Amino acid sequence: MNANKLREKSADQLREELANLKKESFNLRFQQATGQMENTSGIKAARRNAARVKTILNEKAAQAAE
């Protein structure tokens, strides 16, 4: 996920993307807890992507407040 591509999206699209990433993160944690997960790096990637989306949302909110 590229930050430049995220900046092109609207706030509603970013919120939808964040919701999808949170669902993905939950599913990955559930797989890890049940021992079904093969690649544990997915948890870290999903968490970082969610943080990236939150950062872009905060940037957009700060720009709107100016």
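The values are calculated or read from the model by the stated rules, or taken from the named source; none is laboratory data. Bear in mind that the values here come from a model prediction, so they are computed numbers and not experimental data. Cβ sites come from the backbone with ideal geometry, for glycine too, and all protein chains shown count toward neighbours. Accessible surface is based on the protein model in full, side chains and every heavy atom, while ligands, DNA and RNA are left aside. Shrake-Rupley method; radii C 1.70, N 1.55, O 1.52, S 1.80 Å.
Descriptive notes on the structure:
- The condition of being under 14 Å from the mean Cα position of the chain (by Cα), at pLDDT 95 or above and open to solvent by less than 70 Å² (accessible area, probe 1.4 Å) holds for residue 14.
- Segment 36-66 - residue that is touching a residue at least 24 places away in the same chain (Cβ under 8 Å) and touching a Ser or Thr at 6+ places or on another chain (Cβ under 8 Å) and, of those, surrounded by the most Cβ atoms within 10 Å (Cβ to Cβ): 46
- Test for residue 33: is it surrounded by fewer than 16 Cβ atoms within 10 Å (Cβ to Cβ), under 17 Å from residue 3 (Cβ atoms), among the small types (Gly, Ala, Ser) and over 9 Å from the mean Cα position of the chain (by Cα): no
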